[in-house]
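Participant: I'd like to ask some things about the structure below.
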Amino acid sequence: MGLTLQALVLVASATRVFASCAHGTFLSPRAEGGTVEVKTFGYSGTICPNIGMQGPLNWAALEAPANSVCATGTKQSPIDMVDGVFTVIPGTDVQITVNDMPDGAEFENLGTTVEVITQGGTLDVGGKQFELQQFHFHLPSEHLDNGTSQAMEMHMVWQSAAQELAVIGVYIAIADAVPPAAPAPAKRDNKILCSRLNRRQEAVPPPPPPTTAAAVPPTTLLETIFSVVDQIAVPGTKVTTPPLAMGEVVDVLRAGAFQVYDGSLTTPPCSEGVAWHVSTARLGVAPATLARARDVIGFNSRYPQNAPGQPNILMISAMGSAVAAIVDVAAPGA
Ligand SMILES: [Zn+2]
């Protein structure tokens, strides 16, 4: 079993795979001629003719050695965002500008995600400046918020002049109506209270409705973009969105903080050295809108990786299987 798994991880395939999270960057330049290039990796274990297993357990074998770090890297993304794996910087310490797109933006179905081609934006953080290339969506979220997945996650991909990559990840929660304010408690009237206690017949008042810290309104940008997602249901298609105003999202990001860590692309070739900035703020998507997005995206979330600096999960698995195989040989029939 162990040797078989190692073979799956390490044996090369002739299939060519391109980066998705890095689409439009130096790692995966956008196709010329206006065509939408459909990606050939996947998220399930499905074995497809001429491609093999497309899912993330097999990304390294889809194109070796280009994708080998998917199975060997020790700073892979996404991760569970728990205390100790990230540092925190206030949103106000990060300078973000994103150009509005009054004529709409190109919205593409890459087969592995749906992506909006942006029209300019800058990120200034840590003395470095990055240019916004695109943003795209994962369903459900790739990062876990202290062990909890979220409905979706938006990735804003930025590249510096020195070809360094930074990604802002922001969770998208299912938007809900803001819970009504709890009724103000009645003024205490000791005479009435004593009378009630004496009679022991007053019903216990119902508790106030729980306040839901995660309750967020629908984000206009997301509602606008996903209003046309059904027009790109087929991989390789694109549509122009209605006009997009970006200030709303920038304000949300600035109001939160960023959990920062050194990770990787979450898609092949899983390149490391990506400066992740996962926002503590939330965007919101209405339930019906989430359903429309899900019908097109399906599922596109890589499984959580080990904490930065820990061995790659696939290496641990392969080593464990190899040990099991040795034990089998040493003790046949045991
Ligand atoms: Zn992504």
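No value in this document is a laboratory result; all are computed from the given coordinates. Just so you know, these numbers come straight off a predicted model, no measurement behind them. Positions of Cβ are generated from backbone atoms using ideal geometry, with glycine treated the same way; all protein chains shown enter the neighbour counts.
Participant: Under the classification rounded if a/c is under 1.5, otherwise prolate if a/b is larger than b/c and oblate if not, where does the range 225-296 fall, given a ≥ b ≥ c as square roots of the Cα gyration tensor eigenvalues?
Facilitator: In terms of gyration-tensor shape, oblate.
Participant: Treating the beta-carbon of each Lys and Arg as +1 and of each Asp and Glu as -1, no other charges, what is the dipole magnitude of the range 63-108 about its Cα centre, to the nearest 20 debye?
Facilitator: My answer is approximately 340 debye.
Participant: Net charge near residue 176, counting Lys/Arg +1 and Asp/Glu -1 over other residues with Cβ under 15 Å of its Cβ?
Facilitator: On the way: positive: 282; negative: 223.
Here the charged neighbours net out to 0.
Participant: For the range 215-258, what relative contact order do you get, as a whole percent, if you take Cα pairs closer than 8 Å and at least 6 residues apart? Provide the component values of the computation, followed by the final result.
Facilitator: Numbers: 20 pairs, mean separation 18.6, N = 44.
Relative contact order for the range 215-258 comes out at 42 percent.
Participant: On to the next question. Could you please report the charge total around residue 119, scoring K, R as +1 and D, E as -1 over all other residues with beta-carbon less than 13 angstrom from its beta-carbon?
Facilitator: Details: positive: none; negative: 100, 103, 106, 131.
Once all neighbours under 13 Å are counted, the net charge is -4.
Participant: Now for a different question. Whole-Hz ³J(HN,Hα) for each residue in the range 92-99, computed from phi via Karplus 6.51 cos²θ - 1.76 cosθ + 1.60 with θ = phi - 60°, x for glycine and proline: what do you get?
Facilitator: In residue order, the calculated couplings are 6, 7, 10, 8, 10, 10, 9, 5 Hz.
Participant: Can you bin the range 215-334 into rounded, prolate or oblate? Criterion: square roots of the alpha carbon gyration tensor eigenvalues sorted a ≥ b ≥ c, rounded for a/c under 1.5, prolate for a/b above b/c, oblate for the rest. Let's see the in-between values first.
Facilitator: Values: a/c = 3.07, a/b = 1.97, b/c = 1.56.
In terms of gyration-tensor shape, prolate.
Participant: Which translational diffusion coefficient, to the nearest whole µm²/s, is obtained for the range 67-140 from the Stokes-Einstein equation, given a Kirkwood hydrodynamic radius over C-alpha pairs, 37 °C and 0.692 mPa s?
Facilitator: After rounding, the answer is 211 µm²/s.
Participant: Check the straight Cα-Cα distances from residue 128 and name the aspartates and glutamates below 20 Å, setting aside those fewer than 8 residues away within the same chain.
Facilitator: 93, 164, 262, 272
Participant: For residue 24, list long-range residues whose amide hydrogen, built 1.01 Å from N in the peptide plane, is under 5 Å from its own amide hydrogen.
Facilitator: Amide H neighbours of residue 24, under 5 Å, 5+ apart: 30.
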